[in-house]
Amino acid sequence: MSTLKGMLFSQFANEGLNDLVEEMRSKYKPKKGRRFNHNNITYEISRPILKENCIEFEISSKIPQDELAGTQDMKT
């Protein structure tokens with residue numbers, strides 16, 4: 001069971017991260033959910049969790065296949 005301190009910290013961190021996501025979505029091209037697009041790359045910021053007195057979240061990106069160098073280009 002979480003402590004009051006942990007619940008308040010988690011709520012505050014969640015609100016801060018949500019504000020950051022909204023800022024990024026307004027600054028760049030918004031996508032579905034917690035995603036935004038910048039320079040043809042889609043970024044997603046996960047919801048934060050409180051784990052062992054630390055806040056954890058993930059930032060992931062998706063690069064379109066045509067932007068990646070082919071295997072032939074990588075060998076040279």
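Nothing in this text is a laboratory measurement; each read-out follows from the coordinates by a stated rule. Because the structure is a prediction, the values reported are computed rather than measured. Because the Cβ atoms are built from the backbone with ideal geometry, glycine has one as well, and the counts that use them run over all protein chains shown.
Observations on the model:
- Dipole moment magnitude, nearest 20 debye, the stretch 4-64 about Cα centre, only Lys, Arg, Asp, Glu C-beta charged: 340 debye
- Computed 3J(HN,Hα) for the stretch 44-50, one whole-Hz value per residue from the Karplus formula 6.51 cos²θ - 1.76 cosθ + 1.60 where θ = phi - 60°, is 9, 10, 6, 6, x, 10, 9, glycine and proline marked x.
- Number of Lys pairs (Cα under 25 Å; 8 or more positions apart or on different chains) in the stretch 4-64: 5
- Positive-end residue of ALA13, ILE59, PRO30, charge dipole of the stretch 4-64 with Cβ unit charges: PRO30
- Legend: ranking of residues LEU8, LEU50 from fewest to most surrounding C-beta atoms inside 10 Å; resulting order LEU8, LEU50.
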